[in-house]
Structure formats: structure tokens, C-alpha cells
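Data first, discussion second: the structure below is written as C-alpha cells.
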Amino acid sequence: MSIKNSIIKLKAEIPEFVSLVAVSKTKPNEAIMEAYEIGHRIFGENKVQDLSAKFESLPKDIEWHFIGHLQRNKVKFIAPFVSLIHAVDSLRLLKKINDEAKKNNRVIKCLLQMHIAEEDTKFGLNLSALKEILNNAEFKELKNISIVGLMGMASYSNDDLQVKKEFEFLKSCFEDVKINYFNKSDDFKEISMGMSGDYKIAIEAGSTMIRLGSIIFGARNY
Ligand SMILES: *Cc1c(COP(=O)(O)O)cnc(C)c1O
């Protein structure tokens, strides 16, 4: 199926409150423009260098999401324009993002990444480490970042029940954190979960943001 048709089909299928991040990593500008031409504006990249190059050469009304593991020394390259950073998993990184956002006179939206999968190769916080960040006095001083929700990646598995359990766990953590830390804030509302292979399960479990790559753009060009 073409990129255009895949996006049209997905948008017809997913509920209105779920946003679609088109994960364009490793794909050329032409592929992104195909999606852009039918009105899609939210794209995700996981390498700072690629994201910066694409930002430079593509239309400026694109909303760029950074979805990969972000190194602190590279935050400065994306701070001027990035619209959401999905995978923040330390206070040190948050402080760096805050500093760079301040230099650019912006507030940068971030999601805290939780470790929900069985494999221990993936990044992310457990619930108590996440709460430690939120309770930290230094965190409360950060005025140039806004925590808008949580993000997680399920196990890479054919066991749908296991995947469902992991997404439901992330949803329950979201509810817990919302009630205990963001009760007065309307900004904390996103649960970024679901990829090409498991987005339907993620939506059933309460996802508000799915990150889809290969189902839109085809297999990746490494
Ligand atoms: C690559 C990637 C995706 C998209 O993966 P697909 O399986 O191709 O949909 C989603 N989220 C993250 C964090 C990724 O790195």
C-alpha cells in the first residue's frame, strides 16, 4: 500500500483522541512529503542528526517528535524546534532539556519513559524511580519543561496477552501519577504506547498516542 493510503486507512481506523506519530526514521524526505501532502504533520525520529537535517530541509509546520534515547550533549541541537521528547528517563536529562529550552526561550514538552517490557534491554524508569524524580526538589524548579505524560514500549512478543498486560500496567501508572502529582494540571494527559505490531492492543488499553513506522513507510532502510 502507498504511504498516502496507509495513513488514510489508519486515520479512519483509530479513534479521534489518539494521535498518530508517523515514525519516519531512516526514510528519505520524499517519503515524509508524501504523508505531508495529504495533511499529516506529526513525525517521529530517533537520531538527533537525522532529525536536525530533516527539520532544516522540510516544511516548518511539521511537528517533530524525538522518540529515541537522547544523549545530554545532543539536546542543544533539537531544543530550538522539537515539539515533544518521548523518552526521558532521568532527572539529569530533564535538567539539560530545561537548560537548553531556557536558552531558546521555550517550554519543551516531555514524556517520561517507563520500563514496562519483560526484556531488560530497553530503557525506562520503574514507578518508584519515576516518583523519585517527581518528588525531587530540583525537579520542581524546572520551569522550561512540561511533563505531558508517560511513554512505554511493550515486549517484542507474539503473546498478545503479555503485551496487553504491559500496556495496562502503563495505563495504571499514568492514572496513579496523574492523581498524585498532576491533579491540577490539564497538560498531563498523554500515554504514548503502541507501534506497528501492537497499536490495536495499545489503543484498547488506553493509548492516546501511537508511534507507527513500518506499517506506514514499509520496512526500514538500514
Ligand atoms: C522505530 C520506533 C517505532 C516505530 O516502530 P514500527 O514497529 O516500525 O512501527 C516506535 N517507537 C519507537 C521508540 C521506535 O524507535
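The values are calculated or read from the model by the stated rules, or taken from the named source; none is laboratory data. Since we're looking at a predicted model, the values are computed, not measured. For neighbour counting, all protein chains shown are included, and Cβ atoms are generated from backbone atoms with ideal geometry for every residue, glycine included.
Details
- Qualifying position, being over 30 Å from A31 (Cα atoms), in contact with an Asp or Glu (Cβ under 6 Å, 6 or more places away or on another chain) and not hydrophobic (A, V, I, L, M, F, W, C), among S185, S146: S146
- Per this entry, N46 is not counted among residues that are modelled with pLDDT of 95 or more, under 16 Å from S214 (Cα atoms) and over 14 Å from the mean Cα position of the chain (by Cα).
- Odd one out for H86, checked against (1) surrounded by 21 or more Cβ atoms within 10 Å (Cβ to Cβ); (2) without any contact (Cβ under 8 Å) to a residue 40 or more places away in the chain: (2)
- Among residues of region 189-210 that are without any contact (Cβ under 8 Å) to a residue 24 or more places away in the chain, those with a Cβ under 7 angstrom from a residue that is in a helix (DSSP H, G or I) and near the ligand (Cβ under 10 Å from one of its atoms), sequence gap 6+ or separate chain, pair up as S196/S214; S196/I215.
- Restricted to region 61-73, and to residues there that are crowded, with 17+ Cβ neighbours inside 10 Å and of a type outside the set (G, A, S), the residue that is nearest to the ligand (Cβ to nearest atom) is I67.
- Selection status of E13, free of Cβ contacts under 8 Å to residues at least 12 places away in the same chain, surrounded by fewer than 16 Cβ atoms within 10 Å (Cβ to Cβ) and not aliphatic (A, V, I, L, M): yes
- Residue within region 45-56 that is within 19 Å of E190 (Cβ to Cβ) and either within 16 Å of the ligand (Cβ to nearest atom) or surrounded by fewer than 21 Cβ atoms within 10 Å (Cβ to Cβ) (or both) present: yes
- Verdict on N105 being over 22 Å from E190 (Cα atoms), of a type in the set (S, T, N, Q) and either within 13 Å of the ligand (Cβ to nearest atom) or in contact with a helix residue (DSSP H, G or I) (Cβ under 9 Å, 6 or more places away or on another chain) (or both): no
- Of all residues in region 165-222 being of a type in the set (S, T, N, Q) and part of a helix (DSSP H, G or I), the one that is nearest to the ligand (Cβ to nearest atom): S214
- In region 122-142, residue surrounded by the most Cβ atoms within 10 Å (Cβ to Cβ) [restricted to those that are more than 19 Å from the chain's Cα centre (by Cα) and assigned to a loop (DSSP other than H, G, I, E, B)]: L142
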